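Asker: One structure, as structure tokens, below. Some questions next.
The values are calculated or read from the model by the stated rules, or taken from the named source; none is laboratory data. As the structure is a computational prediction, the values presented were derived from the model and not from experiment. Here the Cβ is made from the backbone with ideal geometry for all residues, glycine too, and neighbour counts use every protein chain on show. With ligands, DNA and RNA removed, areas are computed over all heavy atoms of the protein, side chains included. Shrake-Rupley method; radii C 1.70, N 1.55, O 1.52, S 1.80 Å.
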Amino acid sequence: MRIKLIGMLIMLISCSSFSQKVMNLNEAVKIALSKNTGLQKSQNNIEGYESNLKSAYGGFLPSINATGTWSWSRSEDEGGLQTIGGAVINTPQTISESRNYTATLSSNWVLFDGLSNFANLYKNKNNLEAARLILERAKQDIVFQTMSYYYGLLNSKKLLKVKEDNLKWNQKNYEIIKEKNNLGAVTLADVYAQQVKLGNAELELINAQNDFENQKSSFLYYLGLDVLEKYDFEDPEVDSEAKGETSARISGELKELIDRALSNRPDYKSVKLSLSSANESLTMARSGHIPSLSNYASYRINGKKPSDMFDNKQYQVGLTLSIPIFSGWSVDNRVQLAQVEIKNKEIELSDFEREVKKDILKNNLDLQASEKKLDVSEKNVKAAEENLKIEEEKYLLGSTTLLNVLIANSEYTNALSSFINAQYEFLKLKDQLEYLLGITNYKEFE
């Protein structure tokens, strides 16, 4: 019964891949980019910044207004006796009505406002470009996070395969030991020891299966897909050619990598633009101390009938000079707040630069160590596999103990697990360094 249960467990795991949708890394990234709600909000926000920029351009143009009025009045006089020039006259009842039509076209044009309109234009240009850079960085974030989740999922999938193979090996070894015990070649203690090892292998397989399923459901949830859907995931192999391409793409001295990051990172550029916008806000605040000059012009027509309106015309042109004398320190307050904002943005930019240097230094060292670890782990697998074969042959010949065989199998399983972890650790660190350098390519997935 125990053997049947083990066989059913392995068949259930191996057969779960049938009738599944197959997803590769590129498809996963495309899905993440298309379904991420935060990314959609960032794209919508750009429209608001574009409208602000359009309004800033409008600050250089005159405002034009057209108005039209119509009025009607009626007066009634009952008449009666009135004294006019010492004579008493009886005046008749009079009723009069009048209508008036008026149309006015006026404009107001700010000719100079202390360069506030220029500063507002540059500020809104910076804000729009910063928003686009933030959107670009958000896309890079999604690409990197999706890759990280994907590699973690594949790591669990391969570790699950290791546990499956380990269970099969222990089951096979258990059958061999039982036969040897029946022949009197080994003691019953070896049978019991292998039973314990077999039970642990079953538990490890169940735990690995649960871990894989949990990671898969979390990944599908992140992509916005149904967690109950059946998916299988293609595995990008890590070979020497891929490692060579990676090394060529992200190689260089630490200072060169940092300079590349500061020149490529969209979020760093966005912070620099925020500092520029803060300086433009200071210019706008200081313009409150500077006189402003505006132009006013109007054209007015009126008449008692629409056909008579152009008989009466009025033209008006003027200049208005406004000189600020005292505004209750409100302008000083705006200037000081703008200066504080500049100082904060400078600190933010400095902190960002230090963080970039720290992250690249750490990741560069980790990537170098990971590449070396990958090579060493691969050699360890080959050595442990060969040692396991030798111990199995020696055990069959009766020249070693079961304990040595179990130790050799455990070392082989651990070496294989370490090699798998090293593979996906290298892939993740490679993508992370590209992400930190700001060269993560998201356009190929759109």
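Asker: I'm trying to understand the selection: among the residues of the stretch 311-366, which are open to solvent by less than 50 Å² (accessible area, probe 1.4 Å) and not in a helix (DSSP H, G or I)?
Answerer: Within the stretch 311-366, Gly318, Gly328 meet the criteria.
Asker: Which residue pairs have Cβ atoms under 9 Å apart, sit 6 or more places apart or on different chains, and have a first residue in the stretch 94-113 that is more than 28 Å from Asp311 (Cα to Cα) and among the charged types (D, E, K, R) and a second that is in a strand (DSSP E or B) and open to solvent by less than 60 Å² (accessible area, probe 1.4 Å)?
Answerer: From residues that are more than 28 Å from Asp311 (Cα to Cα) and among the charged types (D, E, K, R), the pairs are Asp113/Ser292; Asp113/Leu293; Asp113/Ser294.
Asker: Can we say Tyr222 is open to solvent by 30 Å² or more (accessible area, probe 1.4 Å), of a type in the set (Ser, Thr, Tyr) and in contact (Cβ under 8 Å) with a residue 60 or more places away in the chain?
Answerer: So Tyr222 fits the description; yes.
Asker: Within the stretch 414-427, how many residues are hydroxyl-bearing (Ser, Thr, Tyr) and buried (at least 20 other Cβ atoms within 10 Å of the Cβ)?
Answerer: Of the residues in the stretch 414-427, the ones hydroxyl-bearing (Ser, Thr, Tyr) are 417-418, 424.
Now narrow it down to the ones that are buried (at least 20 other Cβ atoms within 10 Å of the Cβ): 424.
Looking only at that region, the number is 1.
Asker: Moving to a separate point now. Considering only residues of the stretch 94-130 that are of a type in the set (Lys, Arg) and out of contact with any Lys or Arg (no Cβ under 6 Å at 6 or more places or on another chain), which is farthest from Lys54 (Cα to Cα)?
Answerer: Pass one, the stretch 94-130, residues of a type in the set (Lys, Arg): 99, 123, 125.
From what's left, out of contact with any Lys or Arg (no Cβ under 6 Å at 6 or more places or on another chain): 123, 125.
Working: Lys123: 12, Lys125: 10 Å.
Within the stretch 94-130, the match that is farthest from Lys54 (Cα to Cα) is Lys123.
Asker: Test of understanding: among Tyr122, Tyr101, which residue is at pLDDT 95 or above and hydroxyl-bearing (Ser, Thr, Tyr)?
Answerer: Checking each option against the conditions leaves just Tyr122.
Asker: Consider Leu388 against the criteria (1) open to solvent by 80 Å² or more (accessible area, probe 1.4 Å); (2) over 30 Å from Ile439 (Cβ atoms): it satisfies all of them except one. Which criterion is unmet?
Answerer: (1)
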